[in-house]
Each structure stands twice: as C-alpha cells, then as structure tokens.
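*Asks:* There's a structure below that I have some questions on.
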Amino acid sequence: MTQLSPAPLLSFDNVNISYRVHGVDVTAVSGVSFDLAPGDRMAIVGESGSGKSTLSMAVAGFLSAPNATVTHDRAMFDGKPLDRTVIHRVARRTPGLSMVFQDAMTSLDPVWSVGSQLLNVLRSEARRAGRRLSPATARAEAHLWLSRVGLTDSDRVMKARPFELSGGMRQRVMLAIALCGKPRLLVADEPTSALDAALSREVMELMVQLTEESGAALIIVTHDIGLCLDYAHRVLVMSKGRVVDDVDAGAIESTATDPYTIGLLACVPTLDSVHLAELPTLEAVRRRAIAEERLAS
Ligand SMILES: Nc1ncnc2c1ncn2[C@@H]1O[C@H](COP(=O)(O)OP(=O)(O)OP(=O)(O)O)[C@@H](O)[C@H]1O
C-alpha cells in the first residue's frame, strides 16, 4: 500500500514581495514557493538582504511596512487560505501561528512586567479557545511556562520588566510567550543572533525540544548555515530574493546545486579548517570559483 504524505501545514505558491522606495518598486522576494509538513523544521538561510526576514514576516502575518506589496498564487495555513496580500499597519495574529524575533528587547513591551505580558497572552488564547481560565490557573500556567523555558526563578522573572533581564533570559521569555498558545507553527527570525555562541545553541536546543514535544512545525530564519544544519530537517537557501536551493539538511553537501549554497557551505568552519590562518569569506569563495571556471575554459 502506498503511504500518503500528510497534507501540508503551510503552502505558499509564487510569493512576490516588493517595497516602494522613492516611487520605484524594489523586489525583495521573487517567485517563492514551498510547502511545509506538520512538525517539520525548515531553515531559511541567506546573506543579509536576501529577503528571508521579509518572507518570514509575510508568512507569519507580521509584515506591516506600509510600502510593501505582496502577491501570491496560493497561501494556505492549516487548511485555510491566508490573505497575505493586504498589509495591515498593525500585525494580525493568525491563530495557530507564532513568531519570535531577533531582538527581544524591542519585541517585548518595555513598560509591562514579564508576568503581565505572559498572562495577557494566556488569557487571550484561553478566550479564543472558549476555555475558562481562573486568575490562579493563569498564574500557575505562567510559572509553568517560565520553568519550561529554563527560567527557574519564576517569581522574580514574573515581576521583572524586560530591561531587568539578561539577553538570554529575554529570549527565553519571548519563547514562552510564543509557545504558550500552543501554536502549530513557530516562525523564528534570527532568534539567537543577539546571543553568544554557547547561549545560541542552548536557545536553539530549547526551541527544537519544545516544538518537538508539542508537534509544532518550526521555521528558523538565519544567516548561519552551520547553526541551522544541526537543527533543521530542510534548508531553503535564498539569494537576491529567490530560492536557489531547497534541500534536506542532512544531504546538503551532496544535493545542493547552486554555487551560492556551495559557497555558503565552504565558509562553515570545520575541524579541517583549524590550520587555516583565516576562514574563507563568501566573496573569496566566489572569486575562487570564477577563477577556477576561467582556468577550466
Ligand atoms: N521597509 C522596507 N522598505 C524598503 N526596503 C526594504 C524594507 N525592508 C526590507 N527592505 C529591503 O528588502 C530587501 C530584503 O530585506 P530583508 O530584511 O528581508 O533581508 P534579510 O535577508 O532578512 O536581511 P537581514 O538578515 O539583514 O535582515 C533588502 O534589499 C532590504 O533593503
């Protein structure tokens, strides 16, 4: 008997996004199509300006730049059409879909305590699900979520305002807020770029563990191809607004076809590169490829 693959959780076909700058439409995302299965973990990788944040914000419904225009042939989430062509000044939350951002300091409200922000989300999620949530249960759930993201001193964290916490703690708070509504998809835009290497890995591992436990799918947006190869099942490589490779993370070395992806992979530090005086840059890899091509022809 042939096994039917599950219906995609997310399905985008021919997404195009441009920004109007000084009266001219500048393309940021061009003809992007992909499906994401429930529980899948996909990384969107590319250098700065390749369009990955624009794409992920459009996916999550957080693209609010008034000069943006989105067109697509299909945008579906959890079996329902998503209207991503209308840009709202204030992001519209899609039930079942959450996002964490690069900079928790600007994403969390600086005025309200962590506890009130977390309780607000828990209450509104309960309302949406038609569930009664007493104040005592809401507080217990908030403490539980803080401990799930590794914040054991939850009494202090509940009372603290974001600026009173370290960067790593704020990122964990954001993860708790994003996951407490039990989303089916979490979109994380450069979630660890403000953290040091060790903390980055801790937060990535936590994000993977919590989404795996709940069965949520995960989209990780990053410029760090090395980091995402350890955590994603699949990698979408973007360059100049286009998807140039869409490959399994485990087989990327043998299946990537685009010179851009091959260049990115060549820049990942390995045990073999410890003897090098300096690591290659993407530009150096590009120049070497062009020189080798010239020599061969
Ligand atoms: N609000 C905006 N108005 C005009 N152009 C924009 C706007 N936001 C992004 N862009 C442009 O769109 C292109 C894609 O930007 P985007 O931020 O999506 O890339 P990125 O790959 O996420 O880069 P980074 O890693 O630096 O965030 C870039 O050329 C950028 O300058």
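*Asks:* Using the reciprocal of the averaged 1/r over all distinct C-alpha pairs, how large is the Kirkwood radius of region 106-181 in Å?
*Replies:* Evaluated on region 106-181, it is 12.2 Å.
*Asks:* Counting only heavy atoms of protein chains, what accessible area per residue, in Å², does the chain have with a probe of 1.4 Å?
*Replies:* 52 Å²
*Asks:* Decide, for region 60-201, between rounded, prolate and oblate: order the square roots of the alpha carbon gyration tensor eigenvalues as a ≥ b ≥ c, take rounded if a/c falls under 1.5, and otherwise choose prolate if a/b is larger than b/c, else oblate.
*Replies:* Oblate is the answer for region 60-201, as a/c is 1.5 or above yet b/c matches or exceeds a/b.
*Asks:* Mean Kyte-Doolittle of at least 0.5 plus a Cα span of 15 Å or more along the axis: flag which DSSP H helices in the chain meet both, please.
*Replies:* 167-179
*Asks:* At a threshold of 8 angstrom on Cα-Cα distance, excluding pairs fewer than six apart, so keeping six or more, what relative contact order does the chain reach in percent?
*Replies:* Once divided by the residue count of the chain, the mean separation gives 22 percent.
*Asks:* Can you pull the percent of the chain's accessible area that's carbon plus sulfur, 1.4 Å probe, other chains left in place?
*Replies:* Summing carbon and sulfur atoms, their accessible area is 54 percent of the total for the chain.
*Asks:* Would you please put 59-66, 184-191, 20-27, 75-82 in order of how densely packed they are, using the mean number of other Cβ atoms within 10 angstrom per residue and starting with the highest?
*Replies:* The peptides rank, most packed first, as 184-191, 59-66, 75-82, 20-27.
*Asks:* Determine the shape class of region 86-132: with a ≥ b ≥ c the square roots of the Cα gyration tensor eigenvalues, call it rounded for a/c under 1.5, and otherwise prolate if a/b is greater than b/c, oblate otherwise.
*Replies:* oblate
*Asks:* How fast does the chain diffuse by Stokes-Einstein, in µm²/s, taking the Kirkwood radius from C-alpha pairs at 4 °C and 1.567 mPa s?
*Replies:* 63 µm²/s
*Asks:* Mind checking which lysines have their Cα closer than 24 Å to the Cα of K52? Skip sequence neighbours fewer than 8 apart in that chain.
*Replies:* Partners found: K80, K240.
*Asks:* Hey, rough spin-label estimate for K80 and R131, points 7 angstrom out along Cα→Cβ, what's it come to in nanometres?
*Replies:* 1.7 nm
*Asks:* Enumerate the lysines that K159 could reach by cross-link, defined here as Cα to Cα under 24 Å, with residues fewer than 8 away along the same chain left out.
*Replies:* Correct list for K159: K182.
*Asks:* Report the antiparallel proportion of the DSSP beta bridges in the chain as a percent, rounded to a multiple of 5.
*Replies:* 60 percent
*Asks:* Between D246, D153, D258, find the one with the highest GNM mean-square fluctuation for the chain; connect C-alpha pairs within less than 10 Å.
*Replies:* Largest GNM mean-square fluctuation: D153.
The values are calculated or read from the model by the stated rules, or taken from the named source; none is laboratory data. A quick note: this is a predicted structure, and the numbers were derived from the prediction, not measured. For neighbour counting, all protein chains shown are included, and Cβ atoms are generated from backbone atoms with ideal geometry for every residue, glycine included. When the accessible area is computed, the model is the full protein with side chains, heavy atoms only, and any ligands, DNA or RNA have been set aside. Shrake-Rupley method; radii C 1.70, N 1.55, O 1.52, S 1.80 Å.
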